[in-house]
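Comments concern the structure below.
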Amino acid sequence: MRIVFHLGAHCTDEDRLVRCLLKNRALLAEQGIAVPSPTRYRKLLRDTALQLKGAAASDETQAMILDQIMDAEGAGRLVLSWDSFMSFPAWAVRGRLYDSAGERIRAFTRIFPGFQPEFHLSIRNPATYLPALKARVAERGQDPALVEADPLALAWSDAIRQILACNPGVPLTVWCDEDTPLIWPEVLQAVSGHRPGTVLQDSEDVLALTLTEPGLAQLRAHCAEHPPESVAERRRIVTGFLDRFARPETIETFVDMPGWTQDTVDALTARYHEDVNHIRRMGRVTFLEP
């Protein structure tokens, strides 16, 4: 069995992916894909990893954990999703992005030493990620000043490099959160591993957040009358509707960070694009893009 770890990151997915897969749990189960509720495994895996202290779980412990997570035997793929697999929000940026992610994820994979792990990660422009993360930390009643770093020194490639180094041989799929409206079906398929042609219920949730209600209704009507014949054609259609019907707040994001200017945002965005190009070329990384 393959254990799929959807790693977040924070302030990207907001559990939309796992909610969509849970709505389609019965359909996916027919294809040997298990999607348990996060309430069944997040605290359980955290506590187990702490108890193991980096050691591999025994066969008995592994079987006990799987018995508590899964309803039925025989699945070929188990999907686990948690944006705190790499770190809790307050410790996500302490000088660098997810500086201990590799070791932390390794501790979770050691709970299932008998199975092959697989990682999936969404990344986001630090120009919008840092303000969103600070807000998330504040919402949890913690000091947003815990999120501390030179923003121009942050690189997702650093986090990815140490994730790969601490988890030899494990494949990693990466995509940009900003591209999600255009590639959401491919993201869902990459994580769940469902067969091509499988139609998932409520797989338009991301577009519903991005398009106005009239725009989404017109997109659905257009695709019903003229079903896209390829991924490229669907993306072309969605791009056209986004150009015409995108919600204004999704196009222009106001960044409120003390001491930041538009030049700061522009510099962070340029560095992010350079970092993404670097990640595309990294070994063992599959990069999803429009």
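The values are calculated or read from the model by the stated rules, or taken from the named source; none is laboratory data. Please read all numbers here as calculations on a predicted model, not as lab measurements. As a convention, Cβ positions derive from the backbone with ideal geometry for all residues, glycine included, and neighbour counts pool all protein chains shown.
Pairs please, first residue from segment 20-45 and among the charged types (D, E, K, R), second anywhere and modelled with pLDDT of 95 or more and assigned to a helix (DSSP H, G or I), Cβ atoms under 8 Å, 6+ apart in sequence or on different chains. Every condition considered, the pairs that remain are Arg40/Gln68; Arg40/Ile69. Taking first residues from segment 88-100 that are closer than 14 Å to Leu130 by Cβ and partners that are of a type in the set (S, T, N, Q) and not in a helix (DSSP H, G or I), the Cβ contacts under 6 Å between residues at least 6 apart in sequence or on separate chains come to Ala90/Gln142; Tyr98/Ser87. Ala26: exposed (fewer than 15 other Cβ atoms within 10 Å of the Cβ), under 19 Å from Ser203 (Cα atoms) and aliphatic (A, V, I, L, M), yes or no? Here the answer is yes, as Ala26 does meet what is asked. Identification of helices (runs of 4 or more DSSP H) wholly contained in segment 1-87 with 3 or more residues that are under 28 Å from Pro131 (Cα atoms) and at pLDDT 95 or above yields 16-23, 42-52. Taking residues in segment 170-199 that are within 15 Å of Val79 (Cβ to Cβ), and partners anywhere that are small (Gly, Ala, Ser) and surrounded by fewer than 20 Cβ atoms within 10 Å (Cβ to Cβ), the pairs with Cβ atoms closer than 6 Å and at least 6 places apart or on different chains are Thr173/Ala190.
Reported count of residues in segment 88-101, each being part of a strand (DSSP E or B) and either touching a Lys or Arg at 6+ places or on another chain (Cβ under 8 Å) or surrounded by fewer than 17 Cβ atoms within 10 Å (Cβ to Cβ) (or both), is 1. Screening Thr261 against (1) β-branched (Val, Ile, Thr); (2) farther than 25 Å from Leu17 by Cβ; (3) surrounded by 15 or more Cβ atoms within 10 Å (Cβ to Cβ) leaves a single unmet condition, (3). Counting the residues of segment 237-246 that are without any contact (Cβ under 8 Å) to a residue 60 or more places away in the chain and surrounded by 14 or more Cβ atoms within 10 Å (Cβ to Cβ) gives 5.
Only residues that are on the phi > 0 side of the Ramachandran plot and touching a residue at least 60 places away in the same chain (Cβ under 8 Å) were counted in segment 256-290, giving 1. Tallying residues that are in a helix (DSSP H, G or I) and surrounded by 17 or more Cβ atoms within 10 Å (Cβ to Cβ) within segment 206-220 yields 6. Within segment 138-169, the residues that satisfy the criterion of being over 18 Å from Ile123 (Cα atoms), among the hydrophobic types (A, V, I, L, M, F, W, C) and either surrounded by 11 or more Cβ atoms within 10 Å (Cβ to Cβ) or touching a residue at least 60 places away in the same chain (Cβ under 8 Å) (or both) are Ala138, Leu146, Ala165, Cys166. Within segment 171-183, being in a helix (DSSP H, G or I) and over 11 Å from the mean Cα position of the chain (by Cα) holds for Glu178, Asp179, Pro181, Leu182, Ile183.
Cβ-Cβ contacts under 8 Å between residues 6 or more apart (or on different chains), taken from a first residue in segment 221-232 that is assigned to a helix (DSSP H, G or I) to a second residue that is surrounded by 10 or more Cβ atoms within 10 Å (Cβ to Cβ), are listed as His222/Ile237; His222/Phe241; Cys223/Arg234; Cys223/Ile237; Val231/Pro185; Val231/Glu186. Flag set for Ile65, criterion: of a type in the set (Val, Ile, Thr), over 17 Å from Ile163 (Cα atoms) and out of contact with any Asp or Glu (no Cβ under 6 Å at 6 or more places or on another chain).
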